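J.: Before I ask anything, let me first share the structure, which is written out below as structure tokens.
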Amino acid sequence: MTSSSQPTPDGVRLLHAPVVAQADILSPNALAFVASLHRQFDGRRQELLAQRAERRALWRAGTRPTFLPDTAHVRAEDWSVAPIPADLQDRRVEITGPVDRKMIINALNSGASVFMADFEDSNSPTWQNVVEGQVNLRDAVRRTIAFTSPEGKAYALDPDPAVLFVRPRGWHLEERHCLVDGAPVSGSLFDFGLFLFHNAREQLARGTGPYFYLPKLEHHLEARLWNDVFVFAQDAVGIPQGSIRGTVLIENILAAFQMDEILWELRHHSAGLNCGRWDYIFSFIKTFADQADFVLPDRSQVTMDRQFLRSYVDLLIHTCHRRGIHAMGGMAAQIPIKGDDAANAAALAKVRQDKVREVEAGHDGTWVAHPGLVPIAKAIFDEYMPESNQIARRRDDVHVEASALLAVPEGTITRAGLRHNVDVGVRYLEAWLRGTGCVPIYNLMEDAATAEISRTQVWQWVRHGVRLADGTPVDATLVAATVHDVLQSFVTELGPAYAESRFPLAARLFQELMTAPTCPEWLTVAAYAHLD
């Protein structure tokens, strides 16, 4: 990496050649603000990451998580989060996607209540994607965003776009192209800081606010850190306290035991909780990967009606509604299937079933990955939830014990399941390495959570020497043979284009992750060094 020639504040270095509009987004004042966040909070971030490592040692030794005794009073007492802003009362359908310019326009125009612009799991964090994403969001906030395709089709915002949320990267990720005092800045603080600096005042002037989704939290002290960042940042950019709102994705099994505590820490800035179910399954596998009695069956058999997932959903809804805030449902990853009416009808039927289950359980809204699913999800929530939300439905019937959150579903482990994990994981990682983080695979819109589930599940099977339904033991030799077979299928599928792909690198990295001596924490961390 070489230093950029762009002027920067004292102590700040940019380690990439400039990309389009970089000088505007990474202005000296904007970088100084990001540097102030780093200097104020990165020490605490590092401490919290070290505490994650200490907890991992406990789970590997066989300890089971439970509800924290020291915070029992927070769970027992009656309290509520701050009142919900007017433009967040109705969040019945939310669409998510990366910070690509065309995607932003289409998502904001989709008819959804909210668009979550994602710097995290559906964005490959190349320097160009990260910087141009900030440019795109700046223009979207000001309603000046436009795009013309290579074919000449023009895209522009409709008069009444969805409410914008932004998801920065998780606490564990760094932005290696920006150094502050010689250290890489947190990806969380970089994404959050640039967006807030450029857009907070403009959003408030337009009657909305700086709203965020907060990913990958494992502990309520990590939520406290976000809250302290919010307080500091609001003063620094000159906006009223409480302007920022954050919805926390409960996508980690440990966070499921601290939902009340997470809301408490963010109570002046909370916009509720969300069931990040794909990452939740990944965290369940990863957390207990070393424990033989936590082996999960094929991914296709781990459905939302299983006890550990059903209990997690019920507890999240009950917790949020008790505290007066939204409980958001999970992602429908299906995409419309063109040219096959029967397959398309079957896919849409799955979406309807999923969304009916969510609204009947008490969710106040749901996620979709494709604009074509917005009308379906909206019609279901309109039918079952004619009011803006159903927060008044407290679900006091819910009483979830720790054992229910840890109930391992039964099922089979098959050769087809192994191959599917390898196939989908390598396909996704290859696209991610090329700079695309949101990838249609087998009629599903996949993000990094898919690859994370796939590789941790295979690692767990290898670790415990499980046998497939046909009796074959899952070991490193079988994994290597499966990777080889999958790669050969890609050669046949792509023909001459295979030579220009990154499949060999993706397959090598994925195989290393599936057969490493200890289960690697994050695929995206391991692969980040290979991005531009």
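We did not get these values from a lab; they are worked out from the coordinates using the rules stated. Computed from a predicted model, the values in this text were never measured in an experiment. With ideal geometry, Cβ positions are generated from the backbone for all residues, glycine too; neighbour counts draw on all protein chains shown.
J.: To the nearest 500 deg cm²/dmol, what mean residue ellipticity at 222 nm is calculated for the chain from DSSP H runs of n ≥ 4 alone, each contributing -39,500 (n - 2.57), summed and divided by the residues?
T.: Numbers: 19 runs with 249 residues, N = 532.
Dividing the helical sum by the residues of the chain leaves -15000 deg cm²/dmol.
J.: Could you tell me which of Gln457, Phe308, Pro65 has its Cα farthest along the dipole of the chain towards the positive end, charges placed at Cβ (Lys, Arg +1; Asp, Glu -1), taken about the Cα centre?
T.: Comparing the listed Cα positions along the dipole, Gln457 ranks first.
J.: Among His484, Met445, Cys275, pick out the residue whose Cα is farthest towards the positive end of the charge dipole of the chain, where Lys and Arg carry +1 and Asp and Glu carry -1 on C-beta, about the Cα centre.
T.: His484
J.: What is the magnitude of the charge dipole of segment 208-352 about its Cα centre, with +1 placed on the Cβ of each Lys and Arg, -1 on the Cβ of each Asp and Glu, and no other charges, expressed in debye to the nearest 20?
T.: The calculation lands at about 400 debye.
J.: For a label point 7 Å from the Cα of Arg44 along Cα→C-beta, name the residues of segment 150-178 whose backbone N is under 15 Å from it.
T.: Those under the cut-off are 171.
J.: All other residues with a Cβ under 9 Å from the Cβ of Asp290 taken together, and with Lys, Arg as +1 and Asp, Glu as -1, what is their net charge? List each step's numbers first, then the result.
T.: Numbers: positive: Arg60, Arg463; negative: none.
Charge balance near Asp290 sits at +2.
J.: Next up: Counting only DSSP beta bridges with both residues in the chain, tell me the antiparallel percent, nearest 5.
T.: On the way: 15 of 42 bridges.
Within the chain, antiparallel bridges account for around 35 percent of the total.
J.: Take the eigenvalues of the Cα gyration tensor for segment 12-403, scale each by 5, and report the square roots as semi-axes in whole Å, largest first.
T.: 30, 27, 21
J.: Can you give me the span-like helices of the chain, meaning DSSP H runs with 20 Å or more of Cα extent along the axis and Kyte-Doolittle mean at or above 1.0?
T.: Details: long enough: 28-60 (45 Å, -0.71); 127-141 (21 Å, -0.29); 187-205 (27 Å, 0.35); 220-237 (26 Å, 0.28); 307-322 (22 Å, 0.01); 341-361 (30 Å, -0.42); 415-433 (27 Å, -0.14); 448-463 (22 Å, -0.32); 476-494 (27 Å, 1.04).
Passing helices, by number: 476-494.
J.: Ala346 to Ser149: FRET efficiency via 1/(1 + (r/R0)^6), r the Cβ-Cβ distance, R0 30 Å, to the nearest 0.05? Spell out each step's value before the answer.
T.: Values: r = 31 Å, r/R0 = 1.03.
E(calc), rounded to 0.05, equals 0.45.
J.: Hey, got the dipole for segment 39-176? About the Cα centre, +1 on K and R Cβ, -1 on D and E Cβ, debye to the nearest 20? Before the final figure, lay out each step's value.
T.: On the way: 20 positive and 20 negative charges, 87 e Å.
For segment 39-176, the charge dipole is close to 420 debye.
J.: Continuing with the same structure: Inverting the mean 1/r over all pairs of different Cα atoms, compute the Kirkwood radius of segment 320-434 and quote it in Å.
T.: Numbers: mean 1/r = 0.0584 Å⁻¹.
The answer is 17.1 Å.
J.: Also, I was wondering about something else. Can you put Lys350, Lys378, Lys355 in order of Cβ neighbours within 10 angstrom, beginning with the fewest?
T.: Details: Lys350 12, Lys378 20, Lys355 27.
The most exposed by this proxy come first: Lys350, Lys378, Lys355.
J.: Dimensions of segment 422-478 along principal axes (Cα, Å, largest first)?
T.: That gives 37, 20, 16 Å along the principal axes, largest extent first.
J.: State the volume of the convex hull built on the alpha-carbon positions of segment 308-385, expressed per residue in Å³ and rounded to an integer. Walk me through the numbers on the way to the answer.
T.: Numbers: hull volume 6.6 nm³, N = 78.
It comes to 85 Å³ per residue, whole-number rounded.
J.: I've got another one for you. For segment 190-316, state the semi-axes of the equivalent ellipsoid (square roots of 5 times the eigenvalues of the alpha-carbon gyration tensor), sorted largest first and rounded to whole angstrom. The partial results should precede the final answer.
T.: Values: eigenvalues 224, 36, 32 Å².
Rounded to whole Å, the semi-axes are 33, 13, 13.
J.: While we're on this one: Taking the Cα centre of segment 12-403 as origin, sum charge times position over the Cβ atoms of Lys and Arg (+1) and Asp and Glu (-1), and report the length of that vector in debye to the nearest 20. All intermediate terms of the calculation are to be shown ahead of the outcome.
T.: Working: 43 positive and 50 negative charges, 64 e Å.
Around 300 debye, computed over segment 12-403.
J.: Also, quick follow-up: Compute the signed sum of charges (Lys and Arg +1, Asp and Glu -1) over the other residues within less than 11 Å, Cβ to Cβ, of Thr96.
T.: Around Thr96, the surrounding residues sum to -4.
J.: Still on this structure, I have one more. May I ask you to derive the FRET efficiency for Asp305 and Ala23 from their Cβ-Cβ distance with R0 = 41 Å, giving the value to the nearest 0.05? Let's see the in-between values first.
T.: On the way: r = 52 Å, r/R0 = 1.27.
Calculated value: 0.20.
J.: Just need the relative contact order of segment 12-403 here, percent rounded to a whole number, with Cα pairs under 8 Å and 6+ apart.
T.: Details: 676 pairs, mean separation 76.3, N = 392.
Averaging sequence separation for qualifying contacts and normalising by length gives 19 percent for segment 12-403.
J.: Ranking request for peptides 431-441, 138-148: highest mean number of other beta-carbon atoms within 10 Å first, then the rest in descending order. All intermediate terms of the calculation are to be shown ahead of the outcome.
T.: Values: 431-441: 19.8, 138-148: 16.3.
Order by mean packing, descending: 431-441, 138-148.
J.: Testing the spin-label approximation: label points 7 Å from Cα along Cα→Cβ at Ala402 and Gln353. State their distance in nm.
T.: About 3.5 nm separates the two model spin labels.
J.: Give, in whole angstrom and from largest to smallest, the semi-axes √(5λ) of the equivalent ellipsoid of segment 415-528, with λ running over the eigenvalues of the Cα gyration tensor. Can you show the working numbers first?
T.: On the way: eigenvalues 96, 53, 33 Å².
Computed over segment 415-528, the values are 22, 16, 13 Å.
J.: Which of Leu433, Thr366, Gly417 sits farthest toward the positive end of the charge dipole of segment 339-435, with +1 on the Cβ of Lys and Arg and -1 on the Cβ of Asp and Glu?
T.: The listed residue farthest towards the positive side: Leu433.
J.: Quick one: go through segment 95-128 and flag any residue whose amide nitrogen is under 15 Å from the point 7 Å out along the Cα-to-Cβ line of His530.
T.: Counting backbone N atoms under 15 Å from the label point, the list is 124-126.
J.: Same structure, new question: Taking segment 344-411 on its own, what percent of its Cα-Cα pair distances exceed 15 Å?
T.: On the way: 1403 of 2278 pairs.
I get 62 percent for the Cα pairs in segment 344-411 exceeding 15 Å.
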